[in-house]
Amino acid sequence: MADISLTASMRSNLLSLQNTQSLMDMTQERLSTGKKVNSAIDNPSSYYTAASLNNRASDLNALLDSMGQGIQTIKAANEGIEAITAFAQQAKALANTARDEAVKNVKGSVELTVDDTYTGAAADADKITFTVTNIADGTTREIEFAATEDDDKAATLTALAAALTGAGVKGAAVEDGKVTVEADVGYKIEVTSTAGAFANKVTSTAANNGNENRIKSAAQFDLILEQIDELAADSGYKGVNLLQLNNLKVVFNEDRSSTIEVIGVDASSKGLQLEKAANGWQSNDDVDAAITAVEDAINTLRAMATDFGNNYSIIQNREDFTESLINVLEEGADKLTLADMNEESANMLALQTRQQLAVNSLSLASQAAQSVLRLFS
């Protein structure tokens, strides 16, 4: 286009139109993108500063998700603790119910109906077999008594009382011509067989020093402990179970210099030092020990809940802070790059007016050339 000669006034108006068009292009870009800085060419300092702020905001956004998942993990553990606490309270109620149940101590007796002139027959021929049963677990042992030769009835009864010893037997004595036997707590003693001269000659009642209701309560107590173990195992979230000694680390900033580690606990029956009911709770001491253990476990669970609650509050506060900080960073970046739409709209209107004026001016500048053209018409 260098071969075309323009008058000074036309060239001046052309340059003005080109500048106006350039400004209109820039203004249109700002109006379409909403930003006054769209690349480093527009403003290197503002562009790179805004990019840095946005990058940090993006990094914190990723950590924000991690914080949220950490909160959910703690919530899962807390739900588990609340349920386990309810089970523990139920176990304590069972133990208290069993404690209120009295242990029945019924003495047994063995009476021989042989006449008073009885003397022991052939050695070991006349026998009585007792079965001693542990009421809690059903295990048994036998005590076999054999009459000694030439013992009369009184001596036989004395020897029979002396034979009733060992685990489960509290004591035995001859009273009113018969043997009275007393069982240890949690045991039952009964005659199960007779032989020789004693066959069909023995009248007996069982000795019982136990309570079946306590056994039922003890079995239910053991079942609750199993449920506590299962519940503790089910309280995980995304592979992290704070109730099974898994630790949780939550990062709060982009360079990982600010963190918190939530220490896991053992909320199983073993971790809470809860043991299965001893001896079917036939002894008051066993029941009292269970009640004490459950009370200690409940206090331990409350302490666990308090610790998790503190950690929950810390992470929640950091999450709220991070959300606010992200807003501050993004707002700062926007202040560096966003355009004022009102101002840009006014600029566009002014540029359009300037463009129309420049076109009119260019038309006026070309009138001299047009006058020359008329000379040839």
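The values are calculated or read from the model by the stated rules, or taken from the named source; none is laboratory data. All figures in this text were calculated on a predicted structure; none of them were measured in a lab. Cβ: placed from backbone, ideal geometry, glycine included. Neighbour counts: every protein chain shown.
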May I ask you to list the residues in the stretch 99-115 that are modelled with pLDDT of 85 or more, under 60 Å from the mean Cα position of the chain (by Cα) and in a strand (DSSP E or B)?
105, 106, 108, 109, 110
Filter result for the condition that a residue is surrounded by fewer than 13 Cβ atoms within 10 Å (Cβ to Cβ) and closer than 30 Å to residue 274 by Cβ, over 77, 91, 102:
102
Exactly one of these conditions fails for residue 318: (1) farther than 30 Å from residue 105 by Cβ; (2) basic (Lys, Arg); (3) surrounded by fewer than 16 Cβ atoms within 10 Å (Cβ to Cβ). Give me its number.
(3)
Output the number of residues of the stretch 36-46 satisfying the condition of being surrounded by 12 or more Cβ atoms within 10 Å (Cβ to Cβ), modelled with pLDDT under 75 and out of contact with any Phe, Trp or Tyr (no Cβ under 6 Å at 6 or more places or on another chain).
4
For the stretch 164-198, give me the residue count where each residue is at pLDDT 90 or above, more than 57 Å from the chain's Cα centre (by Cα) and small (Gly, Ala, Ser).
2
Scanning the stretch 248-257 residue by residue, the ones that are part of a loop (DSSP other than H, G, I, E, B) and without any contact (Cβ under 8 Å) to a residue 40 or more places away in the chain total 3
Test: residue in the stretch 258-272 that is assigned by TED's automatic domain parsing to the domain that holds residue 66, outside any strand (DSSP E or B) and exposed (fewer than 12 other Cβ atoms within 10 Å of the Cβ):
no
Checklist (1) within 18 Å of the chain's Cα centre (by Cα); (2) buried (at least 18 other Cβ atoms within 10 Å of the Cβ) applied to residue 277, failing item
(1)
